[in-house]
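Read through the structure below, which is laid out as structure tokens, and then see the notes.
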Amino acid sequence: MIGRELGIRSTTISDLVGQLVARDLVHENTPRSRTKGRPTSILSFNAQRLGAVYVTVTDQSLVASAVDLNMRTIGQVIANPPPEADNNNLVQSLRQLIKDAARYFPPGMENGAIVFSLSGLLDVPGKIWCVSSRWPRMRNLDLGQAFGDLGPKIWLIRNLDAELTGISQAEQHGEEETSLLLHWGHGIGAAYAVGREVVNRNRGRFCEIGHWMLGNGQNRQCTCGNKDCLETVAALWAIGPRLAEEFPGLPQNEREAAITLARLDLLDSPVIKSALSDMLRLTANLCRLLFPDRVVLTGPFVQNPDIFRKFVDTLAVAPMLRSVDKVRVSTGDAHQSAEVSGALSGPFEECLAALVSREV
Ligand SMILES: [Zn+2]
């Protein structure tokens, strides 16, 4: 059947399958058959032949997961370094996390990569985590140097670039199709892609819109060290505590806040009104700059139907855009599966190619 699909001779298929079986990437089972003739064998992909440790940041936490070739998380560990943590503290936390996550790999499963999907400013070619507003005392953390001795190859990608890569793969964006990902949550940021190519992905710096200056004269301190950035009036870290006064018990982490915010009547809230107005203006301006075919909104606030509707309405009537095709606005999934697959697809491809070319 595979031969017919691909137009390859059956002897070649048997040879290729044999190579995959020899490398334990494919399991071949031959059920006992009562009929005579050649028995049919059942092939199954061994998704636990190898995996990766995937490290990311959510809210104020570091999360490390053991992930298999099906992008399934088989185990996860979390650490909460305090905001005053420096390079040494973070290296210690991360080292422990990576080792603990790797313990979830079952016997026989190879750890092929350690993949960091991080927020803030990165130097992707140098594998350096330059700046993070969550841990302001951390500067230029060299991930390659700090964790190279653990064995697997170290990879680094900006988390929003990983998420947009995953979304464009899953939704099969066309070659010329342009998409803008806007994350409004603990922090605020964006990524932009043409087809499946995320702009500046190989550098790790782009669209730091959360730290665009508003010049509103409020003199609010931002986590980046400057004053009156967009985040100071709209990010969850800044407005979460004030929202909790209006909506008692509102969780301060993205995942739980998303569930609560989706059910609330938010449009009468003065805090939300002001944050939303800044977010809408910014998104409309980004659209005038980048002219995306699609806008994908992620984070807890856009899970609220009224807020999502405001984005759709604003982008539909943005005056400059009236003459061009309508922008398609959607929300990304809240479970980070796009970020995981976007971050790991490249490393897994390389690991599999190395495994297949390895002598057995
Ligand atoms: Zn800032």
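Bear in mind these aren't lab numbers, they're just calculated from the coordinates by the rules spelled out. The structure displayed is predicted, hence computed values, not measured ones. Heads up, the Cβs are rebuilt from the backbone with ideal geometry, glycines too, and the neighbour counts pull from every protein chain shown.
Filtering segment 99-152 to residues that are of a type in the set (Lys, Arg) and within 19 Å of the chain's Cα centre (by Cα) leaves Lys127, Arg134. Can you name every residue in segment 276-303 that is crowded, with 22+ Cβ neighbours inside 10 Å and in a loop (DSSP other than H, G, I, E, B)? Within segment 276-303, Pro292, Gly299, Pro300 meet the criteria. Among the residues of segment 226-247, the one identified as within 19 Å of Leu182 (Cβ to Cβ) and acidic (Asp, Glu) is Glu231. Within segment 8-17, does at least one residue satisfy the condition of being more than 28 Å from Trp237 (Cα to Cα), of a type outside the set (Val, Ile, Thr) and touching a residue at least 24 places away in the same chain (Cβ under 8 Å)? Scanning segment 8-17, I find no residue that is more than 28 Å from Trp237 (Cα to Cα), of a type outside the set (Val, Ile, Thr) and touching a residue at least 24 places away in the same chain (Cβ under 8 Å), so the answer is no. Check segment 244-265 and report whether any residue there is touching a Pro at 6+ places or on another chain (Cβ under 7 Å), assigned to a helix (DSSP H, G or I) and acidic (Asp, Glu). Among the residues of segment 244-265, at least one is touching a Pro at 6+ places or on another chain (Cβ under 7 Å), assigned to a helix (DSSP H, G or I) and acidic (Asp, Glu), which makes the answer yes. Scanning segment 188-233 for residues that are touching a Ser or Thr at 6+ places or on another chain (Cβ under 9 Å), of a type in the set (Gly, Ala, Ser) and part of a loop (DSSP other than H, G, I, E, B), we see that the one that is farthest from the ligand (Cβ to nearest atom) is Gly195. Are any of the residues in segment 237-247 within 14 Å of the ligand (Cβ to nearest atom), crowded, with 16+ Cβ neighbours inside 10 Å and of a type in the set (Phe, Trp, Tyr)? Within segment 237-247 (the criterion being within 14 Å of the ligand (Cβ to nearest atom), crowded, with 16+ Cβ neighbours inside 10 Å and of a type in the set (Phe, Trp, Tyr)), the answer is yes, since at least one residue qualifies.
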